[in-house]
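Shown next, in structure tokens, is the structure this report addresses.
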Amino acid sequence: MACRSGGAGDMFLLCAVDIVAARASSSQPVSSSHSSGSRRALPPLNALRAFESCARLGSTVAAAAELGVTHGAISKQVALLERWLGMPLFERGGGRLAPTSEAARFAVAVASALDLVERSTEVLRATGPDMPRLVRLTTTGSVASLWLVPRLAAFRARNPGIEVWVSESRELVPLGRPGGPELALRLGRGPWAGVRAEALMSDEAVVVCAPSVASRLRTPDDLARVTLLHDEDPRLSWQEWLEASGLGRPAWGHRGPRLADGGLVLQAARSGQGVALTRRRLAAALLRSGALVQPFPARVRLGPSYWLVLPRRGTPLSPGARALAAWLRETGRREASEA
């Protein structure tokens, strides 16, 4: 969780929580589960911030350094919250503060609420007239270089005021946190826990190689005499492709180097180092250009393979993220229909 420094009044919490409950579109009215006309029974914001920081860091000194106040101020705020709640929150002793079991659960809830307020504030500030609309997306290196980046010019042409920042990660990272990515493009079977995942496109596993290598191949049996390039993508299995080609599952299908990224596999194939098993959509541009060819027609259907991943429901998305998500859905539908 990001450091939350600086003072703030209680009224900020009252207003900010209502912002969190607002609909994604500014044209819709604010909705909340809170009953109209009654005052929220909320503890003081500064006391909550001090308590959450102490519970997470284990000392008033560390919490004071994070929040930019004295450790005495932290102690006063924690004591204020304990009086407000009518119960102790920490077991004091041994030089380290340890939250009680009830307080530890409360700290998790407070941290989640503060994260949501911080994220909602970040989204709101990003809508200002002088602020570029920024959206962060994470995906694998192969999807970024071979599929997403070549298409981003079309998105920018339609949305000139939105900046897209793309980061690379082989694992699905948390989405919707302050300062982090809002969206992800993932390969795999999906869906994943804790997020929303929408299938964009299916794909197929195909064999590709450089034209110089293809000239030595007449039938799939000839693959036993060339280098097979393996992608660490668990959906790409040479054994399955060979079986689909009528060769069964020969032992030589396991031979050959293994590369961690689909882009690396295609680069090795393009330079004539061997024959690659790859996802057809990732190799499409290289096949169209003639840099790679498909020596044999056999293919293995992979089913839904490309996923748009969004934060869990209730997490606000910036205007840029909403626009990028809509464009990805549209692009996925169009390319799926052209397959």
Legend entry - Residues being touching a strand residue (DSSP E or B) at 6+ places or on another chain (Cβ under 6 Å) and surrounded by fewer than 17 Cβ atoms within 10 Å (Cβ to Cβ) - total across the range 153-177: 6
Legend entry - In the range 117-143, residue modelled with the lowest pLDDT [restricted to those that are in a loop (DSSP other than H, G, I, E, B) and of a type in the set (Val, Ile, Thr)]: Thr127
Legend entry - Lone qualifier among Gly180, Gly141, Gly190 - being at positive phi and either more than 11 Å from the chain's Cα centre (by Cα) or surrounded by 15 or more Cβ atoms within 10 Å (Cβ to Cβ) (or both): Gly190
Inset, instruction - Identify, by number, the condition in (1) out of contact with any helix residue (DSSP H, G or I) (no Cβ under 9 Å at 6 or more places or on another chain); (2) surrounded by 14 or more Cβ atoms within 10 Å (Cβ to Cβ) that Phe90 doesn't meet. - result: (1)
Inset, instruction - Output yes when any residue across the range 282-289 is hydroxyl-bearing (Ser, Thr, Tyr) and under 14 Å from Ser142 (Cβ atoms), and no when none is. - result: no
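So that you can scan it fast, the table gives a plain yes or no per residue for (1) more than 32 Å from the chain's Cα centre (by Cα); (2) assigned to a loop (DSSP other than H, G, I, E, B); (3) of a type in the set (Gly, Ala, Ser):
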| residue | (1), (2), (3) |
| --- | --- |
| Ala55 | no, no, yes |
| Ala73 | yes, no, yes |
| Gln77 | yes, no, no |
| Ala107 | no, no, yes |
| Ala113 | no, no, yes |
Inset, instruction - Report, by residue number, each residue of the range 170-194 that is at pLDDT 85 or above, farther than 22 Å from Ala113 by Cβ and either touching a Gly at 6+ places or on another chain (Cβ under 8 Å) or not basic (Lys, Arg) (or both). - result: Leu183, Ala184, Leu185, Leu187
Legend entry - Top-ranked residue in the range 55-66 [being crowded, with 19+ Cβ neighbours inside 10 Å and either touching a Pro at 6+ places or on another chain (Cβ under 8 Å) or among the hydroxyl-bearing types (Ser, Thr, Tyr) (or both); ranked as nearest to Ala104 (Cα to Cα)]: Ala55
Inset, instruction - Name every residue in the range 144-165 that is basic (Lys, Arg) and either in a strand (DSSP E or B) or under 13 Å from the mean Cα position of the chain (by Cα) (or both), in order of residue number. - result: none
Legend entry - Yes/no for Asp231 being of a type in the set (D, E, K, R) and free of Cβ contacts under 8 Å to residues at least 12 places away in the same chain: no
Inset, instruction - Inspect the range 38-45 for any residue being among the polar types (S, T, N, Q) and either surrounded by 11 or more Cβ atoms within 10 Å (Cβ to Cβ) or at pLDDT 85 or above (or both) and give the result as yes or no. - result: no
Inset, instruction - Test each condition in (1) surrounded by fewer than 20 Cβ atoms within 10 Å (Cβ to Cβ); (2) touching a Leu at 6+ places or on another chain (Cβ under 9 Å); (3) of a type outside the set (A, V, I, L, M) for Asp233 and report the one that comes out false. - result: (1)
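For (1) surrounded by fewer than 16 Cβ atoms within 10 Å (Cβ to Cβ); (2) among the aliphatic types (A, V, I, L, M); (3) free of Cβ contacts under 8 Å to residues at least 40 places away in the same chain, each residue gets a yes or a no:
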{"site": "Val206", "(1), (2), (3)": "no, yes, no"}
{"site": "Cys209", "(1), (2), (3)": "no, no, no"}
{"site": "Val213", "(1), (2), (3)": "no, yes, no"}
{"site": "Asp221", "(1), (2), (3)": "yes, no, yes"}
{"site": "Glu243", "(1), (2), (3)": "no, no, yes"}
{"site": "Pro250", "(1), (2), (3)": "yes, no, yes"}
{"site": "Ala269", "(1), (2), (3)": "no, yes, no"}
{"site": "Ala276", "(1), (2), (3)": "no, yes, no"}
Inset, instruction - Determine the pairs where a residue that is closer than 25 Å to Leu200 by Cβ, located within the range 284-303, has a partner that is of a type in the set (Asp, Glu) and outside any helix (DSSP H, G or I) with Cβ atoms under 8 Å apart, the partner being 6 or more residues away or on another chain. - result: Arg299/Glu204; Val300/Glu204; Arg301/Glu204; Leu302/Asp203; Leu302/Glu204
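The values are calculated or read from the model by the stated rules, or taken from the named source; none is laboratory data. The model shown is predicted, which means the values in this text are computed figures rather than measured ones. Note: ideal-geometry Cβ built from the backbone for every residue, glycine included; neighbour counts use all protein chains shown.
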